[in-house]
Structure formats: structure tokens, C-alpha cells
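One structure below.
The values are calculated or read from the model by the stated rules, or taken from the named source; none is laboratory data. Just so you know, these numbers come straight off a predicted model, no measurement behind them. Quick reminder, even Gly has a Cβ in these numbers, built from the backbone with ideal geometry, and neighbours come from all protein chains shown. Keep in mind that these areas ignore ligands, DNA and RNA; they rest on the heavy atoms of the full protein, side chains included. Shrake-Rupley method; radii C 1.70, N 1.55, O 1.52, S 1.80 Å.
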Amino acid sequence: MTAPLTPHDQPQFPPYPADGSGTGGTDGDKEPLRTEIARGALIALLVAVCGVALGLLWLWLAPRIPMISDGQAVYLKDTEGEEAIGADGTFAAIAAVLGLVTAVLVFWRYRRGGVSVVVGLALGGLIASVIGWRIGVWLGPPTDIVAHAKAVGPKKVFDGPLELRAKSALVAWSAAAMLAHLCLTSAFGPRDPDPVPKAAPGPWGPPPPPPPASQ
């Protein structure tokens, strides 16, 4: 027959969560996650708004495509022209420059970085590219070529619609922003402190604790 366990001999169990959820989580653990999500959403929204500037710059700098009609059909005035390719290249170049600018501004504001910052830059850049593309097409020459040719008249040169044939240019903003942010974080981001080395235990185990101070 064994003696009953004393309070000192009873096993100690971790306290039950006070919030009653059974998961052990607290509001303090969820707060950083909410802050990260809000930060990423804010960055994506601000970057997406900059897509208006992309559309206006593309409309201003993209080369025009001259077209002509003979009264029955519409033709390219210069069949060997590269204006269509130039429009795609201009869009990609402007988007890449704006991606670099937004990456620098975001890094200056949120120097510690984080996953939410990168996701916000990537998503916002993609949305901004779509917005800029649609604004450029909307404000550019009419997309109905036949109606435009009839309005202008035969044997008269007019500008063709502004189009983005290479849809891969839509990722130029996001790619440039993420690459620039990665380079800035690697070069100027905060560094984690070096871990403090621990003393290796001796052949007989760790050293004993110091004796208590005498009264």
C-alpha cells in the first residue's frame, strides 16, 4: 500500500485557456496577423490607384498606328511599321518604372518588410496594370475601326485603336516592384541580432548554480 501523493508530488498540468475557446489563442496573438493583413490591403489599394497614371502616360507616350480606308476596307498605312510592338513596349517600360517607384516608397514607409508588403506590392501592381490598360484603351482612339473610317472618310489617314497585344506586359509592374523591394531589403533592411553563444557543459554536466548569498 502506497502513501497518498502530497501537493508537492502531484503532477503539474498547464492551466486551461481562460477564453474558453479550447485553442489556447489570445487576442494578442491575432492582433499582429490583423495588422499584417490591413497593411497589405492598404499597400495594394494605394498601388492600384497609381494605375491611373500608367494609363495616362501610356496614352501620351505610345506610338500611334496610322490606318487608311479606301471606302470598302481598312488597311494599315505602313504595313511594315512597328507601332503596335512599340505600344506594348511602352506600356511595359512605364509599368516597370512605376513599379520601381512604388517599391522604393513602400520600403521607405515599411522598412522591416514582411510577406504582407510583398503581396500588397504584387497584387496592387497587377491591378494597377489592368486599370492603366483599360484607361488607355478607353481614352484612346475609337476601337470601332469601321465606324471611325466612315466618319473620317476614304483616303484619309486616322489613328488606330490603342491596344495591348502582349498581355504579359501586365506583370511588368509587379515583377519590377518585387525585385526592387527584394534588393532594397537585402541591402538596407534591418538585420536580426546574432544569437548569444551558450557555454558548453563540462564533462560532468552543466556547472552547479551559485550558492545563495549569506544573510
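Points to keep in mind about this one:
- Residue under evaluation residue 43, criteria (1) open to solvent by 50 Å² or more (accessible area, probe 1.4 Å); (2) in contact with a Ser or Thr (Cβ under 8 Å, 6 or more places away or on another chain); (3) within 19 Å of residue 99 (Cβ to Cβ), criterion not met: (1)
- Filtered residue count, the stretch 92-133, keeping only those that are more than 15 Å from residue 54 (Cα to Cα) and β-branched (Val, Ile, Thr): 6
- Within the stretch 149-195, the set of residues being surrounded by 15 or more Cβ atoms within 10 Å (Cβ to Cβ), of a type in the set (S, T, N, Q) and modelled with pLDDT of 90 or more comprises just one member, 174.
- Considering the stretch 99-126, the residues that are in contact (Cβ under 8 Å) with a residue 12 or more places away in the chain and over 17 Å from residue 175 (Cβ atoms) include one that is most open to solvent (accessible area, probe 1.4 Å), namely 112.
- Within the set 95, 87, the sole residue that is crowded, with 18+ Cβ neighbours inside 10 Å and at pLDDT 95 or above turns out to be 95.
- With respect to the conditions (1) at pLDDT below 95; (2) within 23 Å of the chain's Cα centre (by Cα); (3) closer than 29 Å to residue 140 by Cα; (4) of a type outside the set (Phe, Trp, Tyr), residue 34 falls short on a single one, namely (3).
- Residue in the stretch 127-148 that is closer than 24 Å to residue 100 by Cα, outside any helix (DSSP H, G or I) and open to solvent by less than 40 Å² (accessible area, probe 1.4 Å) present: no
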